[in-house]
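The values are calculated or read from the model by the stated rules, or taken from the named source; none is laboratory data. These numbers come from a predicted model, not from an experiment. Methodologically, a virtual Cβ is constructed for each residue, glycine included, from the backbone with ideal geometry; neighbour enumeration extends over all protein chains shown.
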Amino acid sequence: MKICLLGASGSIGKQTIDVINKFPKDFSLVAFSVGKRTRCISYILRKHPDVKHICIQNKAIANKYKKKYPNITFYSEEKGLLELIRNSDSEMVVNALVGFVGLLPSIEAIKCHKKLALANKESLVVGGDLINSLLKEYNGELYPIDSEHSALWKCLKVDSKDANKLILTASGGSFRKLSRKELENVTPSDALKHPTWRMGNKITIDSATMVNKAFEIIEAGYLFNYPYSKVGVTLHDESYLHSYVSLSSGGYRGEISKPDMRNPIRFALFEGKIPFKTSYFKSLDDLKGLHFHDFDIARFPAINFAKVVLDKKGTMGAILNRSNEEAVYAFLANKIRFLDIEKIITLSLKNMKYIAKPTLEEILEVDRLTKEYAHKLINELGGTL
Ligand SMILES: NC(=O)c1ccc[n+]([C@@H]2O[C@H](COP(=O)([O-])OP(=O)(O)OC[C@H]3O[C@@H](n4cnc5c(N)ncnc54)[C@H](OP(=O)(O)O)[C@@H]3O)[C@@H](O)[C@H]2O)c1
C-alpha cells in the first residue's frame, strides 16, 4: 500500500512511520507533509527512497528544500496539502494533522478515491455529516486511528447486532484528581503532563479539559451512526481498556492492551484486515487490577458539548471546534485561564450562527466568524488576568 502521510513531524505521524518501518513489504511511504518542524525531513528521506512529494507549511522553506532535493516535488501552505494528496500516487492518506486544517485534506482524500486512515478527529467534529455523505457518494473507506474508536470498531466487528451502547474510556487527563475549584489556577505546564499518553500539545490540553472526550463522543456518533444517548463514558485510570460495547444479551466486549498508539495505527493501515483480540466480561469488576470510576458530568461539564453537537449537528461542530482551538492556543500562550476555555466554547455555541444543513462553504464561513468571536472573548477575558 502506497501511503501519503499528513503531519509526519507530529506524535501520530512519527508513530505511523514506526509502523511503516516495521512492515516494509506491506507499506511504502510515497508522500508526506510537515508543518514547522522540518528537521525530520532528511531522516525520513534516508529511510524512504520512494518519497517523491513533500509539503512544508512555509513557502520560503519549501523553496530551500527544492534546491536540496531536485528529484522531489515540494508544495507549501494549506493548498499544498491538497496538491500533495492529488498528485502523489498514494492509495491511502493517513491524516495525522491537528485541528481544523485537517478537514479539507480529509475531503480531498475521499474525492481522490484514496482510503482515509483518520487520526484528525477534528475532521469529523467539524464536518461529520459532510464526510459521511462523501464516503457514500465516492464509495470511500475511512479507518479510525483514535485508540477508543479502533477498539469500538473491533468490538462491533464481533458483536455488531448485539451492541446497544458504546462506552468510551477516559483517563480524566492531567487534572483528574483535582476539584473544579482547584482547576481555577492551573498552568499550561501542569496541563501538559498527561498521566498515561504522550501526545501533541493540543490534544493533551483537550484531554485535561475533557473536550477531547466530547470530540470522541461526536466522532463515535458519526463513525458508527450512534446518537448521543447511546454513547457513554467511564473513567479508567490505566488506559488499558480502550473502550467497550454493552451487549443486549448481557455483559460487555472491550479491547484490553497496553496503551500504545502504534496498535490502532497498524490496524487502520491494514484496513482492519489483520487478526485482533477483544475480551468479553460480565462486569468491570471482573477486570482485576484495572480501576474504573463513574463519570461525574458536574466535574467534567465539557461532555455536554458533545450532546449539543450530536443533537443539533449542522454548524455546531464547527463552532465547538474553532472556539476550542482558539481558546486552547490562548491558554497555552498564557492569555486566558484554564476554565476560560469552557466559557469561550459555551458562549460561542450560544451566540454563533447555526445552520442545520450547511454546505462546505457555509462551514468555512462559520469557522471564520467563530474565530473572530473567540478572539474578541479572549481579549476580554485576558484583560482580567
Ligand atoms: N497523539 C496521540 O496520541 C493521538 C491519539 C489519538 C488521536 N490523536 C489525534 O491525531 C491528530 C494529531 O495529533 P498529534 O498528537 O499527533 O499532534 P501533533 O504532535 O501536534 O502533530 C500535528 C501535526 O500536524 C502538523 N500541522 C499542524 N498545523 C499545521 C498546519 N497549519 N499546516 C500543516 N501542518 C500542520 C504538525 O506540524 P509541525 O509540528 O511540523 O508544525 C504536525 O506534523 C489530532 O487530531 C489528535 O486529536 C492523537
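Annotations for the structure displayed:
- Across segment 1-53, the qualifying residues are those that are assigned to a strand (DSSP E or B) and more than 12 Å from the ligand (Cβ to nearest atom), and the one among them that is surrounded by the fewest Cβ atoms within 10 Å (Cβ to Cβ) is LYS2.
- Here PRO195 passes the criteria (1) surrounded by fewer than 17 Cβ atoms within 10 Å (Cβ to Cβ); (2) within 17 Å of GLY128 (Cα to Cα) except the one numbered (2).
- Looking across THR315, THR346, one residue alone is touching a Pro at 6+ places or on another chain (Cβ under 8 Å) and polar (S, T, N, Q). It is THR315.
- Considering only residues in segment 102-120 that are crowded, with 24+ Cβ neighbours inside 10 Å and more than 16 Å from ILE363 (Cβ to Cβ), the one that is nearest to the ligand (Cβ to nearest atom) turns out to be ALA119.
- Residue in segment 72-87 that is out of contact with any Lys or Arg (no Cβ under 8 Å at 6 or more places or on another chain), of a type in the set (S, T, N, Q), modelled with pLDDT of 95 or more and not in a helix (DSSP H, G or I) present: no
- Any hit, segment 274-288, residues being assigned to a helix (DSSP H, G or I) and either closer than 22 Å to GLY128 by Cβ or without any contact (Cβ under 8 Å) to a residue 24 or more places away in the chain (or both): yes
- Within segment 103-144, the set of residues being of a type in the set (Val, Ile, Thr) and farther than 24 Å from ARG266 by Cβ comprises ILE107, VAL125, VAL126.
- Some residue of segment 124-141 being at pLDDT 90 or above, within 13 Å of the ligand (Cβ to nearest atom) and closer than 19 Å to THR16 by Cβ: yes
- Residues satisfying the stated conditions in segment 327-343, i.e. surrounded by fewer than 24 Cβ atoms within 10 Å (Cβ to Cβ) and in a helix (DSSP H, G or I): TYR329, ALA330, LEU332, ASP340, GLU342, LYS343
- Filter result (within 13 Å of the ligand (Cβ to nearest atom) and crowded, with 17+ Cβ neighbours inside 10 Å) within segment 61-75: ALA62, TYR75
- Of all the residues in segment 198-239, those that are of a type in the set (S, T, N, Q), surrounded by fewer than 19 Cβ atoms within 10 Å (Cβ to Cβ) and more than 12 Å from the ligand (Cβ to nearest atom) number 3.
- GLU78 passes every criterion in (1) in contact (Cβ under 8 Å) with a residue 24 or more places away in the chain; (2) surrounded by 19 or more Cβ atoms within 10 Å (Cβ to Cβ); (3) within 11 Å of the ligand (Cβ to nearest atom) apart from (2).
- Subset of segment 295-312 [in a helix (DSSP H, G or I) and not aromatic (Phe, Trp, Tyr)]: ILE303, ASN304, ALA306, LYS307, VAL308, VAL309, LEU310, ASP311, LYS312
- Listed conditions (1) part of a loop (DSSP other than H, G, I, E, B); (2) of a type outside the set (Gly, Ala, Ser); (3) away from the ligand (no atom under 16 Å from the Cβ); (4) surrounded by fewer than 19 Cβ atoms within 10 Å (Cβ to Cβ) are all met by LYS165, apart from (1).
- Among residues that are away from the ligand (no atom under 16 Å from the Cβ) and farther than 30 Å from ILE274 by Cβ, ASN58 is not included.
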